[in-house]
1. Within segment 404-440, whose backbone N sits under 18 Å from a point 7 Å along Cα→Cβ of residue 476?
2. Counting helices only, and only those DSSP H runs with n ≥ 4, report the 222 nm mean residue ellipticity of the chain as the sum of -39,500 (n - 2.57) divided by its residues, in deg cm²/dmol to the nearest 500.
3. Please compute the length gained on full extension between residue 457 and residue 437, using 0.36 nm multiplied by the number of residues separating them and subtracting their Cα-Cα distance.
4. Does the chain classify as rounded, prolate or oblate by the C-alpha gyration tensor (a ≥ b ≥ c root eigenvalues; a/c under 1.5 gives rounded; else a/b over b/c gives prolate, otherwise oblate)?
5. Calculate the spin-label point distance for residue 233 paired with residue 343, positioning each point 7 Å from the Cα along the beta-carbon direction, and give it in nanometres.
6. Tell me the label-point distance for the pair residue 39, residue 257, using the 7 Å Cα-to-Cβ offset, in nm and rounded to one decimal.
7. If R0 is 51 Å, what FRET efficiency do you get for residue 292 and residue 8 from their C-beta distance, rounded to 0.05?
8. Would you mind classifying segment 409-458 by shape? Square roots of the alpha carbon gyration tensor eigenvalues, ordered a ≥ b ≥ c; an a/c under 1.5 is rounded, otherwise it is prolate if a/b is larger than b/c and oblate if not.
Ligand code: NDP
């Protein structure tokens with residue numbers, strides 16, 4: 001409101017994007033009051049042309065999302081396991097950006113659908129950006145990147161009528177038994193978090209840490225919500241989708257705006273390097289967890305999100321997370337999904353945002369960049385001479401001391417084969433444990449209702465039968481309950 005203390009600010013004159021003052025915000029330049037419009041109205045042409053190009057392609061996956069800025073703080077001594085600079089001292093804080101999202105839905109879709117949630121983090125460390133691009137589940141549907149595009153297509157839209165089709169989902173899942181663990185988790189109440197603040201985040205993949213003495217450890221990241229895990233039932237989620245499609249986006253923004261900054265505790269599972277070879281599960285298989293009793297969770301830090309973006313497009317839509325961004329002391333593991341993602345994320349950013357996406361303020365590191373990469377569309381800060389390496393003019397030089405940790409490869413023949421199986425590797429064991437030993441009676445009832453609701457939503461009888469067989473392999477009693485519910489035989493409960 002304008003008053004004596006706060007007079008209305010005098011508006012500046014509108015300009016073109018070249019800073020040239022515009023003569024009218026209302027009328028196009030015409031030959032006489034009735035036109036025609038003249039092509040020389042550069043201000044009008046620029047407005048129309050710019051508007052036509054406002055959208056960058058939405059992400060093929062994780063299109064609908066939101067995020068916030070904050071910090072990560074080290075709360076314990078991490079140096080026995082990792083020499084990463086940002087983990088170097090208790091109390092050390094690193095600025096971060098977080099983005100949460102659904103996976104299969106389009107940009108304008110409802111937040112409260114049953115889907116895994118993306119949990120992507122960018123740590124702006126003093127030694128370069130570290131990105132941890134996880135989900136709200138510790139596992140995934142598949143273990144080989146060869147199947148990723150097909151998996152996502154099965155979650156998206158049909159070729160003929162452009163509709164989503166649960167038949168495609170169950171077809172893919174039942175033909176891909178490695179999906180059983182993630183589908184079980186997805187169909188529990190955790191498949192629809194109440195808000196982004198009320199879900200855990202997991203790095204999901206196994207990563208390699210190295211300490212200053214050169215000792216190596218396989219690790220998994222678990223971000224535990226301090227707000228507590230809370231979920232929506234199917235019915236509540238549907239009601240919320242009708243009431244507010246942007247419920248999760250709004251909740252995060254409003255919480256932070258009123259000073260209620262959400263927090264997560266970072267707990268690590270840490271496996272001595274040599275345990276991996278004989279561990280009962282393949283520790284690099286993304287469809288498996290490491291049971292907590294084998295590798296307990298060790299708290300090392302906390303993450304706080306306390307600053308909303310001021311400009312969604314600039315800071316969230318154009319944010320580019322890439323698992324390939326790893327900093328000194330942290331390396332990948334033989335997890336095939338992770339190795340595939342090291343390529344696919346930067347590749348999609350080059351396509352979606354442009355080759356120089358890392359120059360945008362939200363993606364730019366705090367650490368100085370001394371690279372020989374140059375030119376390309378929209379480049380605005382080309383590196384100086386010399387433009388090549390090696391050179392005798394004092395240009396940047398690489399240093400082997402900064403190599404990320406790796407492992408020795410027992411190379412067999414080049415072949416397209418599955419992982420070598422470990423003693424207890426099978427696709428249905430861990431989801432069976434989840435069903436029998438972790439879920440409460442109420443959770444199990446909801447699991448059955450959620451699965452049956454999904455299977456009754458347009459899924460053909462023969463596909464339903466395949467799904468019953470799939471769930472029977474997870475647990476015979478679970479399979480029987482689903483069969484009975486599909487048959488309408490409530491007595492079997
Ligand atoms: P634990 O009993 O030590 O851990 C079970 C974990 O399951 C909990 O810590 C919790 O993970 C998660 N959980 C609890 N309630 C639910 C629920 N209603 N829906 C889904 N997940 C829930 O057993 P194990 O470590 O031996 O794991 C047993 C099974 O639990 C696994 O096969 C896997 O399916 C599931 N699980 C295991 C996790 C792990 O990293 N070991 C992580 C998540 C699930 P959290 O503390 O992360 O919330």
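All of the numbers you see were taken from the coordinates with simple rules; none came from a lab. Owing to the predicted nature of the structure, the values given are computational and were not obtained by experimental measurement. Glycine gets a Cβ as well: all are built from the backbone with ideal geometry, and neighbour counts include every protein chain shown.
1. 428-437
2. Numbers: 11 runs with 121 residues, N = 493.
About -7500 deg cm²/dmol.
3. Between residue 457 and residue 437, full extension yields an extra 4.3 nm.
4. Oblate is the answer for the chain, as a/c is 1.5 or above yet b/c matches or exceeds a/b.
5. If labels sit at residue 343 and residue 233, their model points lie 4.7 nm apart.
6. Going by the 7 Å Cα→Cβ label model, 4.6 nm.
7. Values: r = 61 Å, r/R0 = 1.19.
My answer for the efficiency is 0.25.
8. Numbers: a/c = 5.88, a/b = 2.11, b/c = 2.78.
Oblate shape, in that a/c is at least 1.5 and b/c is the bigger or equal ratio.
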